[in-house]
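The structure appears right after this line, and notes come after that.
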Amino acid sequence: MHQKDFTGCHIPIITPFMDDCSIDEGGLIKLVNYLIEEERVDGIVPCGTTGESPTLSHKEHNQIIEIVVKEVNGRVPVIAGTGSNSTQEAINMTKHAEDVGADASLQVGPYYNRPTQDGLMRHFEAVAKNTKIPHFIYNVPTRTGRNIEPQTIIELSKIDNIIGLKDANGNLMQTMEIIRATKNSPKKFFVLSGEDALTYPMMCLGGDGVICAVGNVIGKEYTEMCKLIKAGEYEKARKIHYRTLPLVNALFIESNPAPVKEALSMMGLPAGRLRLPLVELQPENREKLRKALKEMGKL
């Protein structure tokens with residue numbers, strides 16, 4: 001299987017909504033072009049958690065992926081979020097993403113039903129077997145209630161079209177175990193950070209990049225940091241890490257993507273409202289976010 005390059009900074013793009021909570025298609029198109037042309041990011045990830053995927057209908061989910069793939073038009077890779085806690089649903093959504101031209105899929109660990117490691121293996125194997133598109137496993141136990149253990153990920157990495165991991169486990173010991181075991185595998189296995197604040201240390205340990213919510217706001221900075229690390233310019237990259245860290249923390253001051261959407265609105269970019277059960281920031285947190293944006297020169 002021919003592999004594209006999925007290194008660098010990939011953005012789980014927000015889903016901008018109108019006042020009636022319908023999808024702002026024009027706003028989504030504007031954001032795609034802003035991220036590629038102005039922020040110079042390395043990839044776009046529609047329908048992730050940052051895109052409020054839990055609130056999207058299947059029709060909306062498919063619609064957003066179609067819009068993003070069409071607008072990106074091959075300029076950067078598109079990794080479509082098509083995971084589910086229903087294996088058949090994940091297969092169906094992934095087939096649609098494959099049909100409309102997404103470059104890869106992002107498969108979150110099944111949430112709420114908390115399968116065993118054997119159940120996780122069978123789930124990801126079934127998605128891979130029934131589709132041709134490359135897949136990234138997404139391990140985010142704080143949201144799913146189940147950690148995908150290193151040995152499970154290592155075994156899954158041997159499947160031809162499972163090509164990478166978005167690692168939001170937050171445990172660098174686990175990350176190192178996976179990187180060590182997969183670095184010499186016959187095919188490239190990409191390990192991308194899923195914890196934005198851990199991107200610098202994870203890449204210094206051998207990771208390949210990041211899928212970062214904060215990249216909606218500071219995509220240029222994170223893309224540059226990734227490039228510097230890949231080039232061995234660790235001190236320059238570390239300066240970006242620490243310079244952006246206060247804003248990174250502010251962008252998670254409440255549940256993602258509420259702070260990110262608020263920040264984009266402050267910056268004059270299309271974001272719109274949140275869909276319930278997410279709500280707007282508390283006034284004191286809004287001011288903390290505004291201050292962090294000003295200190296980064298974003299306002």
Enumeration of residues in segment 4-62 that are at pLDDT below 95 and within 12 Å of residue 216 (Cα to Cα): none
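Scan segment 85-102 for residues that are surrounded by fewer than 21 Cβ atoms within 10 Å (Cβ to Cβ), on the phi < 0 side of the Ramachandran plot and touching a strand residue (DSSP E or B) at 6+ places or on another chain (Cβ under 9 Å) and jot them down. Reasoning before the result, please.
Let us first name the residues in segment 85-102 that are surrounded by fewer than 21 Cβ atoms within 10 Å (Cβ to Cβ), namely 85-89, 91-92, 95-96, 98-101.
Checking which are on the phi < 0 side of the Ramachandran plot leaves us with 85-89, 91-92, 95-96, 98-100.
Within segment 85-102, 85, 96, 98, 100 meet the criteria.
Report yes if some residue within segment 15-24 is assigned to a loop (DSSP other than H, G, I, E, B) and surrounded by 21 or more Cβ atoms within 10 Å (Cβ to Cβ); otherwise report no.
Yes: segment 15-24 contains one or more residues that are assigned to a loop (DSSP other than H, G, I, E, B) and surrounded by 21 or more Cβ atoms within 10 Å (Cβ to Cβ).
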Condition met for residue 298 (in a helix (DSSP H, G or I), among the charged types (D, E, K, R) and out of contact with any Cys (no Cβ under 8 Å at 6 or more places or on another chain)): no
Unmet requirement for residue 171, which otherwise passes all of (1) closer than 16 Å to residue 9 by Cα; (2) surrounded by fewer than 16 Cβ atoms within 10 Å (Cβ to Cβ): (1)
Conditions (1) surrounded by fewer than 18 Cβ atoms within 10 Å (Cβ to Cβ); (2) more than 20 Å from residue 31 (Cβ to Cβ); (3) in contact (Cβ under 8 Å) with a residue 40 or more places away in the chain: number failed by residue 55: (2)
Pair list, Cβ < 7 Å and 6+ apart or interchain, from segment 124-141 residues that are over 17 Å from residue 85 (Cα atoms) to residues that are in a loop (DSSP other than H, G, I, E, B) and of a type in the set (A, V, I, L, M): 133/102
Selected residue (criterion: surrounded by the most Cβ atoms within 10 Å (Cβ to Cβ)) from residues of segment 179-204 that are of a type in the set (A, V, I, L, M) and under 29 Å from residue 246 (Cα atoms): 192
Scope segment 205-240; condition surrounded by 21 or more Cβ atoms within 10 Å (Cβ to Cβ) and in a loop (DSSP other than H, G, I, E, B); matching residues: 207, 208, 212, 213, 214
Filter result for residue 67 (within 15 Å of residue 190 (Cβ to Cβ), over 16 Å from the mean Cα position of the chain (by Cα) and part of a helix (DSSP H, G or I)): no
Sole exception among (1) free of Cβ contacts under 8 Å to residues at least 40 places away in the same chain; (2) acidic (Asp, Glu); (3) more than 23 Å from residue 189 (Cβ to Cβ) for residue 98, by number: (3)
Residue selected from segment 253-299 under the condition basic (Lys, Arg) and closer than 20 Å to residue 26 by Cβ, by the criterion surrounded by the fewest Cβ atoms within 10 Å (Cβ to Cβ): 275
Residue within segment 180-187 that is at pLDDT 95 or above, more than 27 Å from residue 91 (Cβ to Cβ) and not small (Gly, Ala, Ser) present: yes
Residue ID - surrounded by the fewest Cβ atoms within 10 Å (Cβ to Cβ), chosen from residues in segment 70-84 that are in contact with a Pro (Cβ under 8 Å, 6 or more places away or on another chain) and outside any loop (DSSP other than H, G, I, E, B): 78
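Of all residues in segment 28-41 being among the charged types (D, E, K, R) and either touching a His at 6+ places or on another chain (Cβ under 6 Å) or assigned to a helix (DSSP H, G or I) (or both), which is surrounded by the most Cβ atoms within 10 Å (Cβ to Cβ)?
Here is the first cut: in segment 28-41, the ones among the charged types (D, E, K, R) are 30, 37-40.
Among the residues that remain, those that are also either touching a His at 6+ places or on another chain (Cβ under 6 Å) or assigned to a helix (DSSP H, G or I) (or both) are: 30, 37-38.
Numbers: 30: 15, 37: 10, 38: 11.
Looking at the filtered set, the residue picked out is 30.
The values are calculated or read from the model by the stated rules, or taken from the named source; none is laboratory data. Remember, predicted model here, so these are calculated numbers, not experimental data. Heads up, the Cβs are rebuilt from the backbone with ideal geometry, glycines too, and the neighbour counts pull from every protein chain shown.
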